[in-house]
Amino acid sequence: MSHDAQETQATPSGVSRRNFIKGVVAGGVAVSSAAYLFRAGPLLSGQAARTGGVERLITLTVNGNQRRVDVAPQETLATTLRYKLGLTGTKIGCDRAECGACTVLVDDVPRYSCSVLTHSVRAKKIQTIEGLQAADGTLHPVQRGVVEEQGFQCAFCMSGFIMATVGYLKKNPNPTREQLAHGISGNLCRCQDYDKILTALHRGAELSRGVANG
Amino acid sequence: MADNKLVGRDYTTPDLIAKVTGKSKYAEDFRAEGMLFTKLLLSPIPHGRVKSVDSRAAEAMPGVKAILRASELPETADTVTDLGETIKANPKAERALTDEPVYAGEAILAVAAVDEETAAAAIEAIHVEFETLPFVVDPIKSLRPDGPNPRVEGNTWGRPPAQPGQPPGPLEIQQVKWTAEDFAEYDQGKMPMGKPQIEWSYGDVEAGFKNAALVLDETFSVANNQHHVLEPRTALAYWQNGKLYMHSGTQSAVQTVASIARWMRLDPKDVVLITEYTGGGFGSRATGSVQCMIPALLSKKTGVPVMMRITREEENYIGGIRPAVHGRVKAGFAKDGRLLAVDMYAIGENSAYEAQGDAASGGRFVSLLYQPEAMRSRAITVLTNTPPRRAQSQPGGLQAIMIFEPVIAKAARQLKIDQVAIRRLNAPEGKAKWGPADAKGQRGYATSAFIKEALDRGKDLFGWDERKARSGQRVGSKVRGVGVSVSTFVAGSTGFDGLFVIKPDGKMYIQSGVGNLGTESVFDVHRVAAEMMGMPWEKVQIAWGDTSQNLPWTCVSGGSQTTHAMTRAAHAAATDAIGKAQEIAAKKMGGSPTAYKLTGERISGPGGSMSLADVAKQAIAMGGRFDGHELPGNINKVTAISATALAGQGLMGVARDTYPRDGTSFSFVAGFAEVEVDVETGKYHLIDYAAVGDSGTIIHPKAYLGQLLGRGVLGMSHSLSLKTVYDQHYGLSLTQRFYQSRPPTILDVPRNMKGEAVNIPDPETPVGARGIGEPPVAAGACAILNAISDALGDDVYRRAPVTLDAILMALEHGKPMLDPLTANI
Amino acid sequence: MAILHDVIPPFQLFQPSSLDDALQLLDERRGEAWVLAGGMDSFDWLKDRTKRTSVVVDLSQVAELHGIRDANGGFEIGATTTLTEVADHEGLRAKFAGLTDAAGLVASPQIRNQGTLGGNISQDTRCWYYRRGWHCYRAGGNICYADTPTAINREHAILGADRCVAVSPSDTAPALIALDAQMVIKRRGGERVVEAADYFVGPGTDITRMNVLQPGEVLAAIRIPATWAGARFYFEKVRDREVWDFPLVNVASAIKMNGSTIAGARLAVGAVAARPLRLEAVERAITGKPLNEETAKMAGELAIEGAFPLQHNGYKVPLMRNLVRRAVRGGPPAGATT
């Protein structure tokens, strides 16, 4: 059994099975929401005993918070975010750096988190979809653009597209529709709602610049 | 409906904030205390039998909790339809695991362990010995006299000949081989046409050809296309008090419960499905996926929750494929372009499991869309050792229209008729006939058809005439071309239930049994009931995505049924509630019930006015049918159980859609595309696209456009790039990655597409709305095909997708060079 | 063939912060260490469990391998400089637009944000039989599955095949060859410098490798000499999808003019052979010729001499011919021809 990121968050381990089932039936949702105790299996624990290589217990900066977390050497950032830090807004669509659903910002740059070793971003600033909303609940302008224009259908790709847009706008805050399409071209939508997505994200770019009415 | 406050207007759906903030939970986002993880062992061979499994080493690994084999699966239960008919379960149907794999990648067994690393290591430690069997990955090869069979018993589904006075026997696998003579023209690229499984005709086809000014005979193949939903069909399952709780994405909430119950041999009341969000379906998970049994059974075995995270590779295998269809069309045209006769033959490819009807049904859509004066349609569906075929947006219609549209385009060029004009000339209108005659000699007909209006509107929207003027012009190595296509598909079913309660707090609580695929129909259809009740949207709450929340009997969200079926059900429920409110008002305040009208959340009439909140209180006081203690006799038992659970809480609207409908509901789309082809590379770019839909009244404009253009892009993918590839000798898939199967990216499609709706209500449904999920697909696919041949001439391609190698080789050699008939290359 | 293609098997991870430490590690763990830069090639192998390693040496923390430096009128580019950094570099673009164009056309924005120039050059082939783990010549077996009568080989080689018909998938490699770039290779206590065109290895030389790197060696930097600065560059990549696709054929050229005469030329083509091919015969043939359509046509014909297509890749022959024409011409033919 190894330890993981329990310092800065509520742990569900104290939740009794009875409560958990009740939660499901009553709320229709979540089993556990923020995070869960990730049990490293025998293979991982055995490996932790090896000498040399990186320290497993590291500190990550995610959405402005310092998070202590136990990370296996081969672990990808998407795995750490989703299964250890409970940030399930980052989706895994292909796990091969092709679809973009796992896109997060690493030092403001869009990256496929399924194909980033968590250990390689120890010293960097990580931002996920959960980190866009202001503390008072105000949506990020790009999120507002999506709400206004009803971009996206099933939305499994949505957080990746939004993060790719937020990252691209840091590089080019005033893109044309064509430029923005190139900026977000590393993300796949299988509902094929590209036209409406581009409209929504372009509206998000306008809102980011403080343009009120398009 | 200009005075509508809800119907026909955009709004923020109740799930959108959760989606943009990452709080929306899809199946794999749930975590259960103590849950185990599953990995699957997949068949490395395309056809064989498991001879032995040695899992001792795996079982001895610390952390390995259970192994599930095919022999442990319950036998699938028979289906009992709404009408009480029993459909026997097919013993050779697809199941969650198998000991007789019929495609490489099929799941053999599953391991549950404390984490995925351990489960993966356990899978690798299991030794499976197989007996290999003959296999085939090309349907036409299987039809050759000495062709291999994908199953021991044969290569098609059929029924034994019926004995006199007896119903036909159950489906069985049969062998069909054609003669060597049938293949005489194969090497010239002409599709062989041996004995079909299905044949129908109407009119005098031979006379039509005799009278024709132009007769064309064309072969064209449409590729297998995977659905590639972005969220793999992951499932989390656990048991509590004998009930199965399942978290999984599916297109349909209520009807998936029935599937799970059948697969698991459970009473539907013992299945709770949580499916608030689903990451795409496109037909591939209409009522869930049989593989969700795996975590359910492993959870039963281990006593703790089990998560089965499906990988992209596994999704490629079990996620579904639109069947390839090879087609040959003989079409006769009068000098003015009128279609006199069609003789169409389709060979459909299927997996070795249940047959999709794509090849068999396609001819019906052709008969509707182009109204040929006489037509014969023949088809056969052949099994191969490839993954399961599933319905995909516009199943059958897409392939048939892709086979037929280039023929129309070629005829227009040869007869020197405008491409829009020839389609308009042949277009259906009103109660247009379709398909073959029934036993009484009557042909079926559509409820309405406004495709001519769509063509007219699209011509202006797209700027057809101006673009046409520059088509075929070559600048440097670039040539432009324009294309138009029409398309159709069935667009709605009937007979489902609506259910809501207006409570004493004055709010309306609507129960939605629709799945949430992001098309927004899960909410949109209920705007009809809210509109009729005069209820402000802020006071409407919708229960959805959890089948323990008392949901009504609802259509499958597939085949563009939902908007049509469930607006009718919503209309029926609201009509029921209005009637009850009127009765309550009349009883309390006097006068005739019909003299009372709903306005401003009040019901007012000769005796005065009362709020809906007070009506709700009164309904509870009066009980009986007013608050759901007595229910209509014709509603589905699922609805009755849900309504009973909700009884006594307020004014209940509950009813079955029994509105009449004269005809079959179809929607139509006209699509327009302009391409620019680089003749030095063969690469073409889609410059612009516009589509106009005819699907009756529009309920939610932005969602409508998402479907009209989004499904259009799905169609474009079939022409642009998407395909599956199999090594023909080893029978193994070579397209396991997106860069290999090539779904289009945002840069492969135009950046500024246009879409509109003719927005003419369908006369045969009370709200006037039909579905739009299907017909945009072929419009997108074929507008491109036709634009390419407009730019380059007729003899460039004979199969889709039309990739640059096909174009470059055709330009180089002056004729199509790519083999049109071998599947999966 | 791996029975399961999911979950990276455990490995030991080292993240040295200096090149010396990295080279020492690689020397000590020679034969077992896997060098990781951007990881865009590595993760595929490891996640698919098709290739495995017990030790990974991650170069991402080695500062001296990263960055673009002016060097004698040219540049020295650290091997772990990302493709985005290469594509966006103003100085590089001003002098060597062929390279920045090529880097900007690789895969997708996120891949370019992480994938490195060194990795793009050194990546393994994308033959779909080999990548899938079929036990072919390149994987140590004794068959090429892509070169059988029923194989599907639309994206395979038309030139230079020797048992294996896989192709080089790199976009930046032809661009670098056309710039006479040099590869700076380091090992513990030593360094060697190899011409770009000689960095790549065909199956006839070594069927299991794509480049000359030996165990214990690291590609440290790419030097771009001043030789072709400001020349007329052309780079084109033809692919099926506009994003996240490998070249079906790509072409890079650098041409210096003397009046209307070609004074010097470099031409390289990718995805037609296991190595990116420098077309020296074409370079010689067009040097001293007027830059016109006739010269372009001659170049195209000469380029495809000896091309030998497989069952499904015949189109690559006219495609390569036409792209070489363009590389000489400087683009597609101009003006209305109809």
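Summary table below
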{"read-out": "Linear extension gain, B:LYS92 paired with B:THR179, 0.36 nm per residue minus alpha-carbon span", "value": "28.5 nm"}
{"read-out": "Amide H contacts under 5 Å for B:THR735, placed H, 5+ residues apart", "value": "B:VAL725"}
{"read-out": "Interchain or long-range residues, amide H under 5 Å from A:THR76's placed H", "value": "A:THR118"}
{"read-out": "Computed FRET value (nearest 0.05) for B:GLU466 with B:GLU429, which takes r as the C-beta separation and R₀ as 25 Å", "value": "0.40"}
{"read-out": "About the Cα centre, charge dipole magnitude for chain B (Lys/Arg +1, Asp/Glu -1 at Cβ), debye", "value": "1180 debye"}
{"read-out": "The range B:149-244: projected area of the alpha-carbon convex hull, averaged over directions, in nm²", "value": "14.8 nm²"}
{"read-out": "Rg/Rh (Cα only; Kirkwood hydrodynamic radius) as it applies to the range C:238-338", "value": "0.98"}
{"read-out": "Kirkwood hydrodynamic radius of the range C:26-169, from inverse mean 1/r over distinct Cα pairs, in Å", "value": "17.2 Å"}
{"read-out": "For the range B:537-629, projected area of the alpha-carbon convex hull averaged over all directions, nm²", "value": "7.2 nm²"}
{"read-out": "With Cα atoms, 0 to 90° folded angle of helix C:19-28 axis to chain C main axis", "value": "60 degrees"}
{"read-out": "R0 of 35 Å, Cβ-Cβ distance C:GLU301-C:SER17: FRET efficiency to nearest 0.05", "value": "0.10"}
{"read-out": "Per-residue mean of C-beta atoms belonging to partner chains within 10 Å, peptide B:239-245", "value": "2"}
{"read-out": "Taking all pairs of distinct alpha-carbon atoms in the range B:69-204, Kirkwood radius in angstrom", "value": "19.2 Å"}
{"read-out": "Kirkwood-based shape ratio for the range B:533-575, expressed as Rg/Rh from alpha carbons", "value": "0.99"}
{"read-out": "Square roots of five times the Cα gyration tensor eigenvalues for the range C:216-276, Å", "value": "25, 20, 11"}
{"read-out": "Those residues of the range C:1-25 whose amide nitrogen sits under 12 Å from the label point placed on C:SER54, 7 Å along Cα→Cβ", "value": "C:11-12"}
{"read-out": "For the range B:583-599, Karplus couplings with θ = phi - 60° (6.51, -1.76, 1.60), whole Hz, Gly/Pro x", "value": "4, 4, 4, 5, 5, 6, 10, x, x, 7, x, 5, 7, 9, 10, 8, 8"}
{"read-out": "Among B:SER611, B:TRP464, B:PRO701 the positive-end extreme of the charge dipole of chain B (Cβ point charges)", "value": "B:SER611"}
{"read-out": "Distance in nm between pseudo-label sites at B:ALA439 and C:ALA71 (7 Å out along the Cβ direction from Cα)", "value": "8.5 nm"}
{"read-out": "DSSP beta bridge pairing in the protein assembly as shown, given as percent antiparallel to the nearest 5", "value": "80 percent"}
{"read-out": "Cross-link table B:LYS452/B:LYS754; A:LYS84/C:LYS51; A:LYS84/A:LYS124; B:LYS478/B:LYS723; B:LYS190/B:LYS440; B:LYS25/B:LYS723, entries beyond 29 Å C-alpha to C-alpha", "value": "B:LYS190/B:LYS440; B:LYS25/B:LYS723"}
{"read-out": "Amide H contacts of B:LEU214 (H built 1.01 Å from N, under 5 Å, at least 5 apart or other chain)", "value": "B:PHE333"}
{"read-out": "Pairs of Cα atoms farther than 50 Å apart, the protein assembly as shown, %", "value": "30 percent"}
{"read-out": "In Å, descending, principal axis extents of the Cα set of the range B:170-325", "value": "71, 32, 31"}
{"read-out": "Net lengthening on full extension, B:ASP204/B:LYS269 (0.36 nm per residue, minus Cα-Cα)", "value": "18.0 nm"}
{"read-out": "Amide N of the range B:530-565 lying under 16 Å from the label point, which is placed 7 angstrom from the Cα of B:ASN4 along Cα→Cβ", "value": "B:530-537, B:562-565"}
{"read-out": "Per-selection Rg to Rh, the range C:96-187 - Cα, Kirkwood hydrodynamic radius", "value": "1.03"}
{"read-out": "Set B:LYS330/B:LYS468; B:LYS141/B:LYS210; B:LYS433/B:LYS580; B:LYS459/B:LYS815 screened for pairs whose C-alpha atoms are more than 29 Å apart", "value": "B:LYS141/B:LYS210; B:LYS433/B:LYS580; B:LYS459/B:LYS815"}
{"read-out": "Enclosed volume per residue, in Å³, of the convex hull spanned by Cα atoms of the range B:772-825", "value": "88 Å³"}
{"read-out": "The range B:672-751: Cα Rg divided by the 2.2 N^0.38 Å rule of thumb", "value": "1.41"}
{"read-out": "Spin-label proximity, A:ASP108 to the range A:146-166 - amide N less than 18 Å from point 7 Å beyond Cα toward beta carbon", "value": "A:163-166"}
{"read-out": "Efficiency of FRET between B:VAL80 and B:ILE641 - r from beta-carbon atoms, R0 22 angstrom, step 0.05", "value": "0.85"}
{"read-out": "Coil-residue GluC sites (Glu not before Pro) of the range C:237-338, DSSP, other Cβ within 10 Å capped at 15", "value": "C:GLU305"}
{"read-out": "Percent of Cα pairs exceeding the 13 Å cut-off, where the set is the range C:149-205", "value": "71 percent"}
{"read-out": "C:ASN258-C:ASP27 pseudo-label distance in nm [points 7 Å out on the Cα-to-Cβ vector]", "value": "4.8 nm"}
{"read-out": "Stokes-Einstein D (µm²/s) once Rh is taken as the Kirkwood radius of the range B:405-513 over alpha-carbon pairs, at 10 °C in 1.306 mPa s", "value": "86 µm²/s"}
{"read-out": "Exercise: per-residue mean of other protein chain Cβ atoms within 10 Å, B:12-20", "value": "6"}
{"read-out": "For residues of B:190-198, the mean tally of beta carbons on other chains within 10 Å", "value": "0"}
{"read-out": "Alpha-carbon centroids, the range B:718-742 and the range B:189-267: separation in whole Å", "value": "20 Å"}
{"read-out": "Listed residues C:TRP128, C:GLY39, C:ALA285: farthest to the positive end of the dipole of chain C (Cβ charges)", "value": "C:ALA285"}
{"read-out": "Coordinate range along principal axes, alpha carbons of the range A:53-133, Å, largest first", "value": "31, 28, 21"}
{"read-out": "J(HN,Hα) series, the range B:211-227, from Karplus relation 6.51 cos²θ - 1.76 cosθ + 1.60, nearest Hz, glycine and proline x", "value": "7, 6, 7, 9, 10, 10, 9, 10, 10, 8, 10, 9, 6, 5, 10, 6, 5"}
{"read-out": "Loop-located GluC sites (Glu not before Pro) in the range A:52-117 whose Cβ has at most 14 other Cβ within 10 Å (DSSP)", "value": "A:GLU55"}
{"read-out": "Bridge type composition, chain B - antiparallel percent by DSSP, nearest 5", "value": "80 percent"}
{"read-out": "Exposed trypsin sites (Lys or Arg not before Pro) absent - longest run of chain B, DSSP non-H/G/I/E/B, at most 11 other C-beta within 10 Å", "value": "B:441-825"}
{"read-out": "HN-Hα J in Hz across the range B:138-146 - Karplus 6.51, -1.76, 1.60, θ = phi - 60°, x for Gly and Pro", "value": "9, x, 5, 4, 5, 7, 5, x, 10"}
{"read-out": "Pair B:ASP795, A:ARG177: separation of 7 Å Cα→Cβ label points (nm)", "value": "4.0 nm"}
{"read-out": "Zero-based 10 Å bins, Cα pair distances in the range C:1-63, whole percents", "value": "23, 50, 23, 4"}
{"read-out": "Gained length - B:THR658 relative to B:ALA18, 0.36 nm times residue gap less alpha-carbon distance", "value": "226.8 nm"}
{"read-out": "Three-way shape label, chain B, alpha-carbon gyration tensor, a/c 1.5", "value": "oblate"}
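Read-outs: derived from the displayed coordinates by stated rules, not from any lab. Remember, it's a predicted structure, so these values are computed and weren't measured experimentally. Reconstructed Cβ throughout: ideal geometry from the backbone, glycine too, with neighbour counts over all protein chains shown.
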